[in-house]
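Worksheet for the structure shown next.
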Amino acid sequence: MKKKGIGIISLILIIIIAIVAGIKIKQNHDENAVQEIQPVKVNSKTVPTFFFHGWGSSWHAEDTMAQAIKRAGATNTIVRVNVNKKGHARLIGKIKKNAKNPLVEVNFSDNKLTNSQYNGQYANAYDSTGARYVKNAIDLVRNKYHYSKINIVAHSMGNLEVASYIKLNAGKKNFPQIDHLVAMAGHYDGIIGICGCGGGISLNAAANDPRIKATAAITMYDMPRVGAWGYFDKGTADERYQNKKQIAEQRTKEYGTGKFAKAGGCFEYPAR
């Protein structure tokens with residue numbers, strides 16, 4: 001009887017172990033399983049998508065994305081608009097009548113706003129020069145092909161210029177309907193007191209325009225890590241605290257005086 005009881009207990013334990021092992025195996029399989037990608041039906045209506053590059057960059061930064069979209073079959077047309085330092089926009093390429101979701105790569109000759117009269121006061125430059133560059137590029141294509149709807153993809157400084165364009169022109173009669181707005185890496189480097197979370201200003205501008213049907217914000221930064229460790233994981237805890245304290249004091253000072261100090265721009269980097 002004693003041996004029989006031990007055997008039953010052993011069998012129960014074996015069954016329990018087998019069940020637990022099976023659950024673990026299934027969990028591991030689920031965690032490591034590759035998600036099946038379902039095919040997406042692309043809308044083939046003729047709505048152009050404008051790409052706006054970041055600080056110090058050019059249309060080359062947009063071309064990898066544009067070519068990938070073309071290879072995927074979502075478009076059959078890529079053109080370019082060059083905007084010179086005087087704001088004159090010139091179309092390179094042609095959009096045919098049967099074009100599907102044409103892509104417009106916008107290139108700014110004044111890609112650092114150095115031609116602006118504001119001499120480093122970028123927040124003001126975005127509201128004037130940058131917004132004008134964006135408007136001229138969009139108007140050139142719309143006036144030629146009579147589009148009432150557009151999509152916008154902007155990176156870094158391009159987000160600020162697009163946000164200013166929307167803010168200054170959204171109430172005007174000929175302002176286009178923006179179906180989709182994608183803001184990539186809108187971190188607004190060097191501007192004290194403005195949202196540091198990617199795409200913040202662009203999203204706020206979009207939220208105030210009911211004609212914009214969808215928005216997305218993408219950032220290259222892990223903001224919680226930056227807040228805890230600083231950019232590039234540099235600096236001691238005390239140094240990071242002192243930096244936050246200095247920024248807070250600067251905000252208070254500027255709010256009281258109504259004058260904003262000049263801030264540094266982005267790091268230099270090679271731009272083709």
Every listed condition ((1) loosely packed, with under 13 Cβ neighbours inside 10 Å; (2) in contact with a helix residue (DSSP H, G or I) (Cβ under 8 Å, 6 or more places away or on another chain); (3) of a type in the set (D, E, K, R)) holds for Glu105 save (1)
Which of the following residues is surrounded by fewer than 23 Cβ atoms within 10 Å (Cβ to Cβ) and under 14 Å from Val104 (Cα atoms): Asn151, Asn174?
Asn151
Scanning segment 42-90 for residues that are under 17 Å from Ala154 (Cα atoms) and polar (S, T, N, Q), which turns out surrounded by the fewest Cβ atoms within 10 Å (Cβ to Cβ)?
Thr64
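Laboratory data are not the source of any read-out in this text; all were calculated from the coordinates shown. What you see is a predicted model; the values in this text were computed from it and never measured. Don't worry about glycine lacking a Cβ; one is built from the backbone with ideal geometry, like all the others, and counts go over all protein chains shown.
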